[in-house]
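Just so it is clear, none of the values below were taken in a lab; they were calculated from the coordinates. Small disclaimer: the values here were computed from a predicted structure and weren't measured. Quick reminder, even Gly has a Cβ in these numbers, built from the backbone with ideal geometry, and neighbours come from all protein chains shown.
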Amino acid sequence: MARLTINGKTLEVNVNPSTPLLWAIREQVGLTGTKYGCGIAQCGACTVHLDGAAVRSCVLPVAAAEGKKITTIEGLANGGALNKVQKAWLDHEVPQCGYCQSGMIMAVAALLKEKPKPTDAEIDARITNICRCGTFQQVREAIHAAAKA
Amino acid sequence: MITRTPKLNRRSFVIGSAAAGAGLALGLKIPFGASVVRAQDGSPEVNAWVVIRPDDTVVIRIARSEMGQGTLTGLAQMVAEELECDWSKVKTEYPTPGQSVKRKRAWGDFSTGGSRGIRDSHQYVREGGATARIMLIQAAANAWNVPASECSASNSVITHKPSGRKTTYGKVAEAAAKLTQPEKPTLKDPTEWKLIGKSVKRLDTIDKLTGKQVYGFDLKLPGMLNASIKDCPVFGGKVKSYEAAKVTGMPGVRHVVKVGDSAVAVVADTWWQAKTALDALPIVWDEGENAKVSSASIAAMLKEGLDADQAFVANQNGDVKAAIAGAAKKIEAVYAYPFQNHAPMEPMNATAKYTPDRCEVWVPTQNGEAAFAATLAASGLPADKCEVYKINLGGGFGRRGAFHDYVTQAVLIAKQMPGTPVKLLWTREEDMQHGRYHPVMQCKLVGAFDAGNNLTGLHMRLSGQSILTAVRPEALQQGKDPLVFQGLNPGGDFAFGYSVPNLLIDHAMRNTHVPPGFWRGVNINQNAIFLECFMDEMAHAAGQDPLEFRRKLMSKHPKHLAVLNAVADRAGWGKPAPRGVYRGLAHMHSFASYVAACAEISVKDGDKVKIHRIVAATDCGYAVNPAQIERQIAGSFVYGLSGLFMEECTVKDGYIEQTNFNTYDSMRIAQMPKVESIIMASGGFWGGVGEPTICVAAPAVLNAFFAATGKRIRTFPLKNHGITLV
């Protein structure tokens, strides 16, 4: 049993405390926007925010997330209004298949909170998510657009 | 029109490509008479392609699969162009393969691969739109009691010109649906297109930004259980034994089942429970003879083929042996291309529900009909008792088209617990070790020159795997695999772009136990490297500029030459590059499109490669949505360059050694070059978009690497040489 605060709601989830947060979010809480891609924190498809910082939830035990504020892609839009990152993603038509984009958007949203006007070098250092469709050119454009918004 | 009827017994659900066009024409001619076919919400279907709701919403049916490449939007543009509907009211939906069978393939081919989504269906989907428009106009004319010739349609509004009366599609759809479909409609001339050629926004973006988009792996069904599977790591091996009792008491575990003769699955309440239990399950494999195979033994087999007497010939003119024997100068090189896995971000998955009376499968697939065939075969049920629902794909790249091993597994699991839906999800490790890999190929090239440094002969000997032998042996041509020669053929969609006085391109087929598949670009990936890097080698051997050397051989290939010239001009070939920056060129004819690239790179410390820019050109004939084409070009480069620099699946004791992205890497944003696309659609033909450009990035970068360092790398990936992409 673990007590998690996800997107502003606190819930009890019935899992072994060693279960990765990703699977608790998907299978117990039922929020499926957060994706599984590798299970070893390589690809970033599972990125969520833990107290505002981007973390890869596929290797983070539920126990380590208790008492912290968890935000998933479903909680990023504020009262239904798209976050500025989501808005820039829409304007620049970033996604192709879209599978990695939840994690990509969460990683970028966390970066912009910390560095509101990131340089290309800062983007390169901090955004390390894998996208097999290869949307990187649009991702970079959209990050700069979101930074200006 | 009907040339062939698909066979629909459960053992063989085989549909030849020849049937595609015919099937479609048939679909359009289904005489509905007064009986209206309705969509699920009750809205009338004007024809197989178009459903119109009373509020004027237009639902366009899309048979091909959207996996990120934009075909959903592009195909909808094609239908809407002829339909003359309000684009802002367009929605799309997938018909199911089961419906398709019942309606004699009304939507034609579901297969989404080979960059064929638009280029193979442009005619019939536009006819679908045009036919619906004609019927809607006729329905309005009937209501007004005026000749249809006095009416026109635009933006979903029908106008009777003489009287100025107007109505909308939504108001006449019900009446239109009762009309008999007209004969083959006249389509617009390309000069009249308003929507085709326009970079309209994709129809499927918003849900991908909020987590709402449901991929196969997100599916939830009432009472559903979750399965994790392990197949024998050595292809062709079997399960010898497993100790189910060791894990049956673990949390959530419901079943431990054998799947076919080579795999074991744990079925649990949640997938994580299933995976945890499977990891703890002792399994003994009977690996069989293939456990003796290694990368080295495969490479040795291919090497033997480079000089073998027997080979399948694809392109030949003159007498290459005599040209080489009599050459004033000759050069020779051997290249090798590795196995590579598709590794789409969403691992393989399928959800199945089986009862003795019905089998349903929900699956992200590039080919709904092939998934349906796999469902029939695995369930043992006839076509009228099966259905497949296509769910969004988290990438495909060829892995989810011809192969539905995960569907077969899901059905075999579900059969062991009738009535319970089971979602099977592979781990990334399972995906890496049970792929359908990019085939291995070696190539020996010999170029012959006369005393004036003119190219007099070229022999290209390929040695390696045949995908068709493994996948579709009926498509072999007297043993020859025509797909091996993509980009090297005398003509067709993959035509060789040079005139060489004495030419021989042949293939010594050498197959392995590692299953090959269609990896984005397929065989043109390695062929472009072999040919275009060796062209560069020959230019240098002849003491000539690589562009000028090529141009002299291309006068009879004006479309190839046009894209090559375009990238050379835009990149400034022949003019000084920025300090430390070096350029390389490549071009090919690929999936009916002419493509070229000029790469600009710098190299630090001899092995750290920075790609600054790639100028890319494509002549795809007609460009339906230029903004999406640009994304396909840049995206294909990420896939192709990841392959060039980082990706190789090596074989040890018969199994694939790489298990995840830590040993099989993929490009990140820091490594992304600026890609400048030139879309030079010359009209008159329909070329592909999703795959064609992938092949030119690698040889352009390799040729630039030679320009920068004087080193030729001929085996891949580059990481094996200590070369990294920075």
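Projecting the Cα atoms of B:ALA299, B:VAL50, B:LEU424 onto the dipole axis of chain B, where Lys and Arg carry +1 and Asp and Glu carry -1 at the beta carbon, places B:VAL50 farthest toward the positive end. Calculated mean residue ellipticity, 222 nm, chain A: -9000 deg cm²/dmol, from DSSP H runs (n ≥ 4) at -39500 (n - 2.57) each, averaged per residue and rounded to 500. Classify the stretch B:267-325: rounded, prolate or oblate, from the alpha-carbon gyration tensor (a ≥ b ≥ c, eigenvalue square roots; a/c under 1.5 rounded; otherwise prolate if a/b is larger than b/c)? Because a/c hits 1.5 or more and a/b exceeds b/c, the stretch B:267-325 counts as prolate.
Overall form of chain B: oblate. Here a/c, set by the Cα gyration tensor axes a ≥ b ≥ c, is 1.5 or more, and a/b is not larger than b/c. Dipole magnitude for chain A: about 160 debye, using +1 per Lys or Arg Cβ and -1 per Asp or Glu Cβ, origin at the Cα centre. Annotation for B:ILE331 and B:THR180: the two label points, set 7 Å from Cα along the Cα-Cβ direction, are 6.8 nm apart.
Count the net charge of all other residues whose Cβ sits under 14 Å from the Cβ of B:VAL146, scoring Lys and Arg as +1 and Asp and Glu as -1. Every neighbour counted, the sum reads +2. Span-like helix check, chain B: qualifying full DSSP H segments, with Cα axial length of 20 Å or more and mean Kyte-Doolittle of -0.5 or more, are B:122-144, B:524-541, B:626-646, B:694-709. Of the beta bridges in chain B, as assigned by DSSP with both residues counted there, near 75 percent are antiparallel. Relative intensity of the stretch B:584-672 on a log10 scale, I(q)/I(0) at q = 0.12, 0.20, 0.26 Å⁻¹, equals -0.51, -1.06, -1.34, per a Debye sum over C-alpha point scatterers of equal strength in the absence of solvent.
For the stretch B:248-316 and the stretch B:682-705, compute the distance between their C-alpha centroids and round to whole Å. Centre-to-centre distance over Cα atoms comes out at 33 Å. Volume per residue of the convex hull around the Cα atoms, evaluated for the stretch B:66-141, comes out as 105 Å³.
The mean sequence separation of alpha-carbon pairs under 8 Å and at least six residues apart, normalised by the residue count of the stretch B:617-675, gives a relative contact order of 30 percent.
Diffusion coefficient of chain A by Stokes-Einstein, Kirkwood radius over Cα pairs, 37 °C, 0.692 mPa s: 214 µm²/s.
Assign one of three labels to the stretch B:363-482, namely rounded, prolate or oblate, based on the Cα gyration tensor with a ≥ b ≥ c the square roots of its eigenvalues; rounded applies when a/c is under 1.5, prolate when it is not and a/b is larger than b/c, and oblate otherwise. The shape class here is prolate.
Please report the antiparallel percentage of DSSP beta bridges with both residues in the protein assembly as shown, rounded to the nearest 5. Approximately 75 percent, going by the DSSP bridge assignments. Between A:ARG3 and B:THR715, the modelled labels are 6.0 nm apart [label points 7 Å from Cα along Cα→Cβ]. Computed 3J(HN,Hα) for the stretch B:108-120, one whole-Hz value per residue from the Karplus formula 6.51 cos²θ - 1.76 cosθ + 1.60 where θ = phi - 60°, is x, 6, 8, 4, 10, x, x, 6, 9, x, 9, 5, 9, glycine and proline marked x. Note that the stretch B:461-466 has calculated 3J(HN,Hα) couplings of 10, 8, 9, x, 6, 10 Hz, one per residue in order, obtained from phi through the Karplus relation 6.51 cos²θ - 1.76 cosθ + 1.60 (θ = phi - 60°); glycine and proline are x. Its residues counted as N, the stretch A:84-148 yields a C-alpha radius of gyration over 2.2 N^0.38 Å of 0.97.
Proximity of backbone amide H atoms, modeled 1.01 Å from N, is registered between B:ASN489 and B:PHE496 at under 5 Å, excluding neighbours fewer than 5 places apart on the same chain. Along the Cα→Cβ direction, 7 angstrom out, place labels at A:ALA77 and B:LYS161. What is the inter-label distance in nm? Modelled inter-label distance: 4.5 nm. Under the criterion of Cα pairs below 8 Å and six or more residues apart, the relative contact order for the stretch A:2-75 equals 39 percent. Legend: mean number of C-beta atoms from other chains within 10 angstrom of residue C-beta atoms, peptide B:209-222, equals 6. Using the alpha-carbon positions of the stretch B:627-695, Rg (one decimal) and Dmax (whole number) come out as 15.9, 51 Å. Residue ranges A:46-57, B:59-70, B:395-406 sort as B:59-70, B:395-406, A:46-57 when ordered by packing (mean number of other C-beta atoms within 10 Å per residue, highest first). Put simply, the amide H of B:LEU225, placed in the peptide plane, has neighbours under 5 Å in B:VAL422, B:LYS423, leaving out anything fewer than 5 places away on its chain.
Every pair of different Cα atoms in the stretch A:2-75 enters the Kirkwood calculation, which places the hydrodynamic radius at 11.7 Å.
Counting Cβ atoms of other protein chains within 10 Å of each residue's Cβ and taking the mean over peptide A:36-46 gives 6.
Dipole orientation for the protein assembly as shown: of the candidates B:MET345, B:ILE229, B:MET460, B:MET345 has the Cα lying most toward the positive pole (charges on Cβ; Lys, Arg +1; Asp, Glu -1). Distance from the Cα centroid of the stretch B:82-152 to that of the stretch A:22-56 is 41 Å (rounded to whole angstrom). List the pairs from B:LYS188/B:LYS480; B:LYS220/B:LYS258; B:LYS556/B:LYS610; B:LYS480/B:LYS719 whose alpha-carbon separation is above 31 Å, in the order I gave them. Beyond 31 Å between Cα atoms: B:LYS188/B:LYS480; B:LYS556/B:LYS610; B:LYS480/B:LYS719. Electrostatic tally near A:ASN78: other residues with Cβ closer than 14 Å to its Cβ, Lys and Arg +1, Asp and Glu -1, net +2.
Were the residues from B:SER297 through B:GLU548 laid out at 0.36 nm apart, the gain over their Cα-Cα distance would be 86.3 nm. Peptide A:70-77 has a mean of 2 when you count, residue by residue, the C-beta atoms of other protein chains within 10 Å of its C-beta. If only the Cβ of Lys and Arg carry +1 and only the Cβ of Asp and Glu carry -1, the dipole of the stretch A:2-75 around its Cα centre is close to 80 debye. Note on chain B: with charges restricted to the Cβ of Lys and Arg (+1) and Asp and Glu (-1), its dipole about the Cα centre is near 840 debye.
The value of relative contact order for chain B, using C-alpha pairs under 8 Å at least six residues apart, is 14 percent.
Taking amide hydrogens as placed 1.01 Å from N in the peptide plane, the amide H of B:ARG165 sits under 5 Å from those of B:HIS160, each at least 5 positions away in sequence or on another chain. Could you tell me the distance between the Cα centroids of the stretch A:93-149 and the stretch B:441-502, to the nearest Å? Distance between centres, Cα-based: 42 Å.
Each residue of the stretch B:349-364 was assigned a 3J(HN,Hα) from its phi angle through the Karplus expression (A = 6.51, B = -1.76, C = 1.60, θ = phi - 60°), giving 7, 7, 10, 10, 9, 10, 9, x, 9, 7, 10, 10, 10, 10, 8, x Hz with x at Gly and Pro. Computed FRET efficiency, Cβ-Cβ of B:PHE685 and B:ALA280, R0 56 Å: what is it to the nearest 0.05? In this case the efficiency is close to 0.45. Against the compact-protein benchmark of 2.2 N^0.38 Å, the Cα-based radius of gyration of the protein assembly as shown scales to 0.96. Reported value for the stretch B:421-506: 158 Å³ per residue, from the convex hull of its C-alpha atoms. The listed peptides B:665-672, A:113-120, B:249-256, ordered by packing as a protection proxy, come out as B:665-672, B:249-256, A:113-120 (highest mean of other Cβ atoms within 10 Å first). For the stretch B:663-726, the Kirkwood hydrodynamic radius comes to 14.6 Å, computed from all pairs of different C-alpha atoms.
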